[in-house]
Structures are given as C-alpha cells and as structure tokens.
Amino acid sequence: MKPPGFLVRWLRFNAVGAIGIVVQTGALGVFKGALGIPLLAATALAVEAAVLHNFVWHEHWTWKDRTVSHRGAPGRLLSFNLTNGLISIAVNLLFMRVLAGRFHLPYMAANFIGIAAGSLANYLASDKLVFGGQRPAAGTAPATDARRKAAGFWRTRFT
C-alpha cells in the first residue's frame, strides 16, 4: 500500500490536533478552573495530556506506515515528548505568560493562540524526527528480520 502523501498526512495531523485541542482545553478547564491549579502549571499539565493523546493517534493513524522502527513505540513516545511535548509546552507557556499574564487576555484565548503558534513546528518535528528516519522498502522489512533471526538461530545452535 502506498504511504499517504504530504497533504493527506497534514490533514490527518490537523484532525488529530483538533481533537487534541479539545483534550487540552478540557484539561486546562479542569486543572485551572475546577482544581485551582496555578495557570502555568495547569497549562503544562493540559499540554502533556494533549501530547499523550496526540501521540496515540499519530502512531496508529497519521504515521502508521512509519511505525516500524528500531526504537519501538516507547522510543517514539520519548522522542515525541522530547520534541512535540517540549515545543508545545514552551510555546504555550510563553504565550500564556505574555498574553494572559501581561496583556490580560482570557487564558482560554491565549491557549488557542499558543496551540496555533506551535502547530507547524510540531508537524515538522513529528514528520522528520519522531516518525521519520529509517523506513524499510515495501515488503523488505519482514524478510530482513526473518533472515536475521534465522541466521542467529543457526549460529547459536551449530557454532
């Protein structure tokens, strides 16, 4: 099956991101509004909730053709958190601090502006750093893995 092109992948990324906005906004409302957690801490927690949500969907839909990796899902999750997570938290905290803190914009409006500001950087980080890298040619990865396993089996039994 042919991997999705840029436009399809970009649309999938944004569809996942749209749901992630709902997750982040809902979490921010709970953390700040219902639980009374200070704004910047609530923002960081809400961003992380959205990052984890988005990773699951990107892993299984947006970049599902690129999940064959030497790092495995835990390695990709770590990379996703170190790229998208840090980008999202840094951008959102900056915008929250400046727009809500300094200019007294409502914190939910500052939240949406921060999300939009980090979107392109997050896409590029996901595409190039998290789900990029080594992609086996179609139909070659299972055979290569099978050959490697068979060679190891015979080597340990007869040498």
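Of everything in region 90-106, what is within 15 Å of LEU45 (Cα to Cα) and surrounded by 21 or more Cβ atoms within 10 Å (Cβ to Cβ)? Give them in sequence order.
ASN92, MET96
Within region 60-82, which residues are in a helix (DSSP H, G or I), over 19 Å from ALA117 (Cα atoms) and in contact (Cβ under 8 Å) with a residue 40 or more places away in the chain?
Matches in region 60-82: TRP61, THR62, ASP65, ARG66, ARG76, SER79.
Against the conditions (1) crowded, with 21+ Cβ neighbours inside 10 Å; (2) more than 29 Å from MET1 (Cβ to Cβ), where does TRP63 fall short? Just the number, please.
Among (1) crowded, with 21+ Cβ neighbours inside 10 Å; (2) more than 29 Å from MET1 (Cβ to Cβ), TRP63 violates only (2).
Can you confirm whether LEU45 is under 12 Å from the mean Cα position of the chain (by Cα), within 21 Å of ALA110 (Cα to Cα) and assigned to a helix (DSSP H, G or I)?
Values: under 12 Å from the mean Cα position of the chain (by Cα): no; within 21 Å of ALA110 (Cα to Cα): yes; assigned to a helix (DSSP H, G or I): yes.
Judged against the criteria, LEU45 is not a match.
Hey, can you tell me all the residues within region 66-78 that are crowded, with 18+ Cβ neighbours inside 10 Å and in contact with a Ser or Thr (Cβ under 9 Å, 6 or more places away or on another chain)?
Residues of region 66-78 crowded, with 18+ Cβ neighbours inside 10 Å: 66, 76-77.
Passing the criteria: only ARG76.
Across region 49-60, which residue is surrounded by the fewest Cβ atoms within 10 Å (Cβ to Cβ) among those that are of a type outside the set (Phe, Trp, Tyr) and under 10 Å from the mean Cα position of the chain (by Cα)? Lay out the reasoning, then the answer.
Of region 49-60, the ones of a type outside the set (Phe, Trp, Tyr) are 49-54, 56, 58-60.
Still in the running and under 10 Å from the mean Cα position of the chain (by Cα): 50-54, 56, 58-59.
Working: ALA50: 27, VAL51: 23, LEU52: 15, HIS53: 18, ASN54: 25, VAL56: 13, HIS58: 27, GLU59: 18.
Among those that are of a type outside the set (Phe, Trp, Tyr) and under 10 Å from the mean Cα position of the chain (by Cα), it is VAL56.
Return a yes/no flag: does region 8-19 have any residue that is more than 22 Å from SER126 (Cβ to Cβ) and at pLDDT 95 or above. Please lay out each step first, then the result.
Quick first cut of region 8-19, residues more than 22 Å from SER126 (Cβ to Cβ) only: none.
No, there is no match, as no residue in region 8-19 is more than 22 Å from SER126 (Cβ to Cβ) and at pLDDT 95 or above.
Taking the residues in region 1-42 that are among the aromatic types (Phe, Trp, Tyr) and out of contact with any Leu (no Cβ under 7 Å at 6 or more places or on another chain) as candidates, determine which candidate is nearest to ALA110 (Cα to Cα). Talk me through it step by step, then tell me what you get.
Residues of region 1-42 that are among the aromatic types (Phe, Trp, Tyr), as a first pass: 6, 10, 13, 31.
Next, from what is left, pick out any that are out of contact with any Leu (no Cβ under 7 Å at 6 or more places or on another chain): 6, 10, 13.
Numbers: PHE6: 29, TRP10: 24, PHE13: 22 Å.
Filtering region 1-42 for residues that are among the aromatic types (Phe, Trp, Tyr) and out of contact with any Leu (no Cβ under 7 Å at 6 or more places or on another chain), the one nearest to ALA110 (Cα to Cα) comes out as PHE13.
Report yes if GLY85 is part of a helix (DSSP H, G or I), free of Cβ contacts under 8 Å to residues at least 60 places away in the same chain and closer than 17 Å to ALA27 by Cα, otherwise no. Give the steps one after another, and end with the answer.
Details: part of a helix (DSSP H, G or I): yes; free of Cβ contacts under 8 Å to residues at least 60 places away in the same chain: yes; closer than 17 Å to ALA27 by Cα: yes.
Yes, satisfied.
The values are calculated or read from the model by the stated rules, or taken from the named source; none is laboratory data. The structure displayed is predicted, hence computed values, not measured ones. Cβ coordinates were reconstructed from backbone atoms using ideal geometry, including for glycine residues, and neighbour counts include every protein chain displayed.
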